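Notes follow the structure.
The values are calculated or read from the model by the stated rules, or taken from the named source; none is laboratory data. Note that this is a predicted model, so its numbers are computed, not measured. Here the Cβ positions follow ideal geometry from the backbone for every residue, glycine too, while neighbour counts run over all protein chains shown. With ligands, DNA and RNA removed, areas are computed over all heavy atoms of the protein, side chains included. Shrake-Rupley method; radii C 1.70, N 1.55, O 1.52, S 1.80 Å.
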Amino acid sequence: MTDYRLGIDVGGTNTDAVIMRGREVVTATKRATTQSVGDGVVDAVTVTLQQSGLAASAIKAVMIGTTQFVNAFLQRKNLSELAIIRISLPRTDGVPPMVSWPKDLRAILGSNIYMTKGGAYYTGQDYIPLDEEAIAAAALDIKAKGLKAIAISANFAPIRPDLEHRARDIVRGIIPDAMITLSSDVGGIGLIDRENAAIINASLMAFSREVVTSLVQAIKNLNISAPLYISQNDGTLLTTEAAEAYPILTCSAGPTNSIRGAAFLTGLQEAVVVDIGGTTTDIGFLVKGFPRETTGVNYIGGVRTNFRMPDVLSIALGGGSIVREEERGIEVGPQSVGFHIREEALLFGGPTLTTTDVAVKARDLSGIGDPAKVAHLDDDFVSRVMDAIRLRIEDAVDQMKTSSKPVPVVMVGGGSILVTGAVAGASDVLMPPYAEVANAVGAAIAQVSGRVDKLYDYGQDGGRLAVLEIAKQDAIDAAIRAGADPDTVEVLDIAELPMMHMKTNAVQVKVRAVGNLFAMSERAAV
């Protein structure tokens, strides 16, 4: 692999870019994120190309990670009013869609809910036929309301996706330009959590098209003709078409990229990764070179879901966190100056004391603003602030560990200067070269994945070994279809979850396979 790759991470405070060739980081840039995502990307990539001396034509693949979609949902911005069609009656009517959602979100997304007859048992057998007339009637009503975003869910849809597929076809026959999310495409077995994930995704699809179009145009404006990919929650890649259709799969790409970048830069496969950004610190656990994933439910903006997410603990501590001394002691955050740090922080002539100001004074650093502007800070005060920061980090690391055994801790991110020396519970503390842009490195090295998440009956499906072989091959095939080089695909992990509440041999089987991007392989260049 000899071609150049461009990795970009668009965070809430900074936009980072790196150019890599094979395993070498050629150059890196950190620029402030702008209101227009595309403008910030153009700025960061322009500087990166200038530093490298490379022509735009040398770039053969572009990988971008962005937090735009999860930020939009958390801030209740750029969300579409939508319709929800649940195929389940006469079952599940006791818990209608969105029943436990925050009121402000329900007000934005509307109450256009349609529940129709149809559905299957976990065995895949129908308990009542699909009511196609009711679905068509719902589609006509949705069309009359002028809605385009639609979420469709059905009982045990991951086992019987054809029910949702048929409903989608009926709706699209009436509303050809509808933006439809099927729950079987984004969630696990449980109906409510899977349906919630589909609703979140549907509400973001219009905004996703806008953002992805902006990113594609930005790369085009830079005269880069290489294919563009968007990184997703598990550290692998999506095509731009898939990212437009499934923005929910990119919600945790930021911390995932940092964890993957930390693994690459250190060579570690098992470690705790502490990513200190401008506003928050994300702590994740590295397992076999990938982020440890959550095993239970996840909450996004107060909504419970069950789609795949990295197990990350976020705390309000970053390089832009505001520092105050109150009667009860030192206060660090949760308020932050965010991407206004160059206007607000003392180092840059601003009026606000931030953690970066204190770290520069404590460590006698140069190259960040004007150190003379923080020379007046009292040494004892600086020491107490640094201790407060360290305690917050140590407490978070301890929460993420699964045993008392010391583990390596890798510090990455632009705010990694906030912590030096030993960390309680760590066998070693590492800050590798390019730690400040580990997220962009993680995007640049991202692979392609394929997954299987299905319910099998070991007693009726040929036994455990036969089922696992089928599931592994299905995951490998999915990775190849997503763009992986077949020669590099391998099964990364297998999980079996027996359904103890069922009087059968039902087991939920999850398999993930990953491989290198075929477009970057030597065979693709032939």
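Here are the numbers for the structure shown:
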| item | result |
| --- | --- |
| For residue 61, residues with placed amide H under 5 Å, excluding near neighbours | 6 |
| Positive-end residue of 56, 12, 136, charge dipole of the chain with Cβ unit charges | 136 |
| Most to least packed among 403-414, 49-60 [average Cβ atoms within 10 Å] | 403-414, 49-60 |
| Cross-link partners of residue 361 among lysines (Cα-Cα below 20 Å; sequence separation of 8 or more within a chain) | 373 |
| DSSP bridge pairs, the chain: antiparallel proportion in percent, nearest 5 | 65 |
| Nearest-ten-degree value, helix 253-266 long axis tilted from longest Cα axis of the chain | 60 |
| Alpha-carbon radius of gyration plus Dmax, which is the widest Cα pair, for the chain in Å | 24.2, 76 |
| Positive-pole candidate from 174, 247, 149, dipole of the chain, charges at beta carbon | 174 |
| For residue 483, distant residues with modelled amide H under 5 Å away | none |
| Aspartates and glutamates with Cα under 12 Å of residue 30, excluding same-chain neighbours fewer than 8 positions away | 9, 16, 43, 436 |
| Phi to ³J(HN,Hα) by Karplus 6.51 cos²θ - 1.76 cosθ + 1.60 over segment 429-443, Hz, x for Gly, Pro | 10, 10, 9, x, x, 6, 4, 5, 10, 4, 5, 5, 4, x, 5 |
| Rounded Å value of the spacing that divides the Cα centres of segment 250-268 and segment 445-476 | 26 |
| Inter-centroid distance (Cα atoms) of segment 274-325 relative to segment 35-82, Å | 21 |
| Additional length obtainable on full extension of the chain from residue 34 to residue 93, 0.36 nm per residue less Cα span | 16.7 nm |
| Under the Karplus curve 6.51 cos²θ - 1.76 cosθ + 1.60, θ = phi - 60°, whole-Hz ³J(HN,Hα) for segment 79-90, x wherever Gly or Pro sits | 9, 9, 5, 9, 10, 10, 10, 10, 9, 7, 4, x |
| Dipole axis of the chain (+1 Lys, Arg; -1 Asp, Glu on Cβ), positive-most option in 107, 434, 42 | 107 |
| Accessible-area value, residue 400, 1.4 Å probe, nucleic acids and ligands omitted, Å² | 10 |
| Built amide H within the under 5 Å cut-off of residue 34, gap 5+ | 40 |
| Anchor residue 148: lysines whose Cα lies under 25 Å away (excluding residues fewer than 8 positions away in-chain) | 77, 103, 117 |
| R0 of 51 Å, Cβ-Cβ distance residue 387-residue 55: FRET efficiency to nearest 0.05 | 0.55 |
| Estimated vicinal HN-Hα couplings, Hz - segment 98-112 in sequence order (Karplus 6.51, -1.76, 1.60; Gly, Pro = x) | 6, 5, 10, 6, x, 4, 5, 5, 5, 5, 6, 7, x, 10, 8 |
| Environment charge of residue 346, counting only residues whose C-beta is closer than 12 Å and scoring Lys/Arg +1, Asp/Glu -1 | -1 |
